[in-house]
Amino acid sequence: MVVGVGTILVALIVFLVTYLLMRCRKPSDLPPGPTPLPILGNLKLIWGKSLLEVAATLQKKYGDIFSLSIGPYWMVFINRYDALREVFVKHGNTFSDRPDVWYLREVKKKKGLAAGYPWKEQRAFTLNLLRGFGFGTRSMESIITEECEKFSELLTETQGKEFAISGVINNAVSNVICSIVLGKRFSYHDQEFVKFVKIITETVVNEYTPKVNILPVLLHIPKVKRRCDHCIEQNNLIRAWFQKQIDEHKETLKEDHWRDFIDAYLVQIKKMKRESDTQFTEENLKYVILDLFSAGTETTSSTIGWAVLCLVNHPEIQDKIRTEMQKNVSGGPPTLSDRHNLPYCEAVIHEVMRMEPILPMSISHTASVDTVVNGYRIPKGSIVVPNLYSVMHDEKVFPDSHKFDPGRFLDGNGKFHAPEKFLPFSLGKRVCPGEALARNELFLFFTSLLWNFKILPPEGQSPPPIVGKLGVTYGPLPYKVRFVKYRD
Ligand code: HEM
């Protein structure tokens, strides 16, 4: 029997229409959410809008777990503390992997810590090693303190003139990771280093990454394709730079005396050489280091950027912090051992992280199998979004949540306390492995800045507005302030 072209066409059209109708008919057991349109799904709801606002509106309407159909994916948003705990702690085994999206597949090649599929062993090794290096201990403190001093010297050179700090904070924070990973820091005037930090930052905040991740079809637009190809090339450049550092380390490596993260990893590669399925390879080392730089630079430096912006808008809070330091710290700028004597400082740092969480939608997870949570099925392969912003702005936990009020982190006796439902570093098996380092950096940079300088708006101007932009991270828009020497 000969089947005519017309019949094939009709069959194709019927198939396509059925597929589109099925696609827009959401299975009834999925978490609730707005009805998807054929082809577009729920794209129109989020395109060009503030995802934070859209998520807040949908959460009010559909509850703490809701779903959207975006491109080829179901996106499931998990809001507020109880739902986050249920998904990422109680069902932690099935919700700890990362989704199969463009950036992790094409740029990160599914290697390293954040993107890697055999992530558990890389993560366990890294955490152990960094703890051993002194995550949160004195030797780590001396690395950060040295960087704070260099940073203060740089700010002193500005002689109280208006200054955009975002680039230099990135360099300072990145230098802390350099000391841990490469065993050395770089001058802020070293052009190769400055270029390297710039590339890392640009790669992290590439505006198209989140869009292409959920809508790979955008790669057919030449401008988007060019930008994404550029992102891949930049990553190749960074890895080539890492290879140079690794080769230098190999020449001087002493197996019983490792100097930094690279040394320790190289020794582990040797140890594991005989295991046929070892993931400890030089290739993976480059991706792990890249993760430490990209996850450990922009996050911490933008949080410091937010802190400076909040403080220039609240001179009365700056005064209160200085009064507290004057009363409780002697000698030089505070050290980590002064922390418990500076509850107000701690409260301000926490309020900055709560008001302006740098990863408000955390990093997406996926469901490794179909899993039922609170009576809803979350399908295997869906993009699961931990909405940390909904936790930090939960009116039941943080009343009047859009008001900057450090007092909410102090008890009746003026002692610092952070509620369990405060989650800037997320929770569960993928909780930020750099939390201890980040907390120490924030405390030391923050107190050193306020110990040495008054932060003022540009001469004759009002303070810059507290506004940010959400890309992969949520950082403040570029702004200028003056750092006027407070003491010599
Ligand atoms: C204020 C600073 C920081 C904040 C708010 C922050 C927050 C986060 C969050 C929310 C995640 C996602 C967790 C999840 O997937 O559930 C994450 C992941 C990660 N962070 Fe941080 N982070 C900060 C600083 C750092 C630093 C300094 C380092 C580095 C050494 C670091 C290394 C990482 C890595 C490697 C991951 C991926 C972990 C994985 O996939 O298993 N972070 N961070």
Between the modelled labels at I269 and H257 (7 Å from Cα along Cα→Cβ) the distance in nm is 2.2 nm
Run the simple label-point estimate for V217 and D29 please: 7 Å along Cα→C-beta, distance reported in nm. 2.8 nm
Sequence-distant lysines (8 or more away, or on other chains) whose Cα lies within less than 17 Å of K111: K120, K286
Per the 1/(1 + (r/R0)^6) rule, R0 = 51 Å and r from the Cβ atoms of T278 and S462, FRET efficiency to 0.05 is 0.30
Which helices of the chain meet both criteria: a Cα extent of 24 Å or more along the helical axis and a mean Kyte-Doolittle score no lower than -1.0, with helices taken as whole DSSP H segments? 5-24, 138-157, 282-313, 435-452
Give the percent of DSSP beta bridges with both residues in the stretch 72-485 that are antiparallel, rounded to the nearest 5. 75 percent
Equivalent ellipsoid semi-axes for the stretch 380-461, as square roots of 5 times the alpha carbon gyration tensor eigenvalues: give them largest first, rounded to whole Å. 29, 19, 16
Taking the full set of protein chains and a 1.4 angstrom probe, give the accessible area of Y81 in square angstrom, rounded to the nearest 10. 20 Å²
Going by Cα centres, the stretch 249-325 and the stretch 155-227 are how many Å apart? 15 Å
Straight distance only, please: which lysines reach the Cα of K61 with their own Cα at less than 26 Å, same-chain residues fewer than 8 apart left out? K26, K44, K49, K90, K211, K380, K396, K403, K421, K469
S337 versus K60, label points 7 Å from Cα toward the beta carbon: distance in nm? 5.1 nm
Cross-link reach list, aspartates and glutamates versus K454, counting only Cα pairs under 14 Å and skipping chain neighbours closer than eight places: E162, E316, D319, D488
Can you send over the carbon and sulfur percentage of the accessible area for the stretch 338-397, probe radius 1.4 Å, protein chains only? 55 percent
First obtain the Kirkwood hydrodynamic radius of the stretch 72-485 from its Cα pairs, then insert it into the Stokes-Einstein equation at 25 °C and 0.890 mPa s, and state the resulting D in µm² per second as a whole number. 109 µm²/s
For the chain: accessible area per residue (Å², 1.4 Å): 47 Å²
How high is the FRET efficiency between K120 and I8 when r is their beta carbon distance and R₀ equals 51 Å, given to the nearest 0.05? 0.55
Out of P357, G112, Y81, whose Cα points farthest toward the positive end of the dipole of the stretch 72-485 (charges: +1 Lys, Arg; -1 Asp, Glu; placed on Cβ)? G112
Accessible-area value, C231, 1.4 Å probe, nucleic acids and ligands omitted, Å²: 10 Å²
Computed accessible area, K49, all protein chains, 1.4 angstrom probe, square angstrom: 110 Å²
Rank these by accessible area, largest first, 1.4 Å probe: S382, S362. S362, S382
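The values are calculated or read from the model by the stated rules, or taken from the named source; none is laboratory data. Note that the structure is predicted; figures quoted are calculated from it, not measured. All Cβ positions, glycine included, derive from the backbone under ideal geometry; neighbour counts span all protein chains shown. Side chains are part of the model used for accessible areas, which takes the heavy atoms of the whole protein and leaves out ligands, DNA and RNA. Shrake-Rupley method; radii C 1.70, N 1.55, O 1.52, S 1.80 Å.
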